[in-house]
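One structure is given here, and the rest of the page talks about it.
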Amino acid sequence: MWVQNLTPNQQVPTCSWCGKDFASTGRGRPRKYCSQACRQRAYEQRNNVSGTTIPAEAVIMSPERASELKDSLFELRCAAEDIATAVKDGEDPHEISFLCREMVELARNIEKLRS
Ligand SMILES: [Zn+2]
């Protein structure tokens, strides 16, 4: 089946701050952040929101970034709709597989909420 061509859902650890994948050392306590910079930014936010009702791990973004994110989600929906149409029209499985890979790539970028 064509979906087998897609990268399987790997359990790659992702940074709690930037959402980037990072290589696990496989030893000791699993790390939360990909870098010292991300650890630092998370620490700063925890400090900034302490004493407020904003959760320490809240994803805080500018209105511009939120609007970008909405645009990306719209793009993602269009990609899903394109795939649905391609399937309905009996498109070539390789073409559908290509569209799926593109959509996965799109979604992967959207997952990085703080980038
Ligand atoms: Zn990070």
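Points to keep in mind about this one:
- Test: residue in the range 78-101 that is of a type in the set (Val, Ile, Thr), in contact (Cβ under 8 Å) with a residue 40 or more places away in the chain, closer than 30 Å to residue 38 by Cα and out of contact with any strand residue (DSSP E or B) (no Cβ under 6 Å at 6 or more places or on another chain): no
- Helices (runs of 4 or more DSSP H) lying entirely in the range 26-115 (those with 1 or more residues that are surrounded by 12 or more Cβ atoms within 10 Å (Cβ to Cβ) and in contact with a helix residue (DSSP H, G or I) (Cβ under 7 Å, 6 or more places away or on another chain)): 63-88, 93-111
- Some residue of the range 37-55 being more than 30 Å from residue 94 (Cα to Cα), modelled with pLDDT under 85 and charged (D, E, K, R): no
- Residue 81 satisfies every condition listed in (1) in the same structural domain as residue 109 (by TED's automatic domain parsing); (2) in contact with an Asp or Glu (Cβ under 9 Å, 6 or more places away or on another chain) except (2).
The values are calculated or read from the model by the stated rules, or taken from the named source; none is laboratory data. Note that the structure is a prediction, hence the values are computed from the model and not measured. Backbone-built Cβ (ideal geometry, glycine too); neighbour counts: all protein chains shown.
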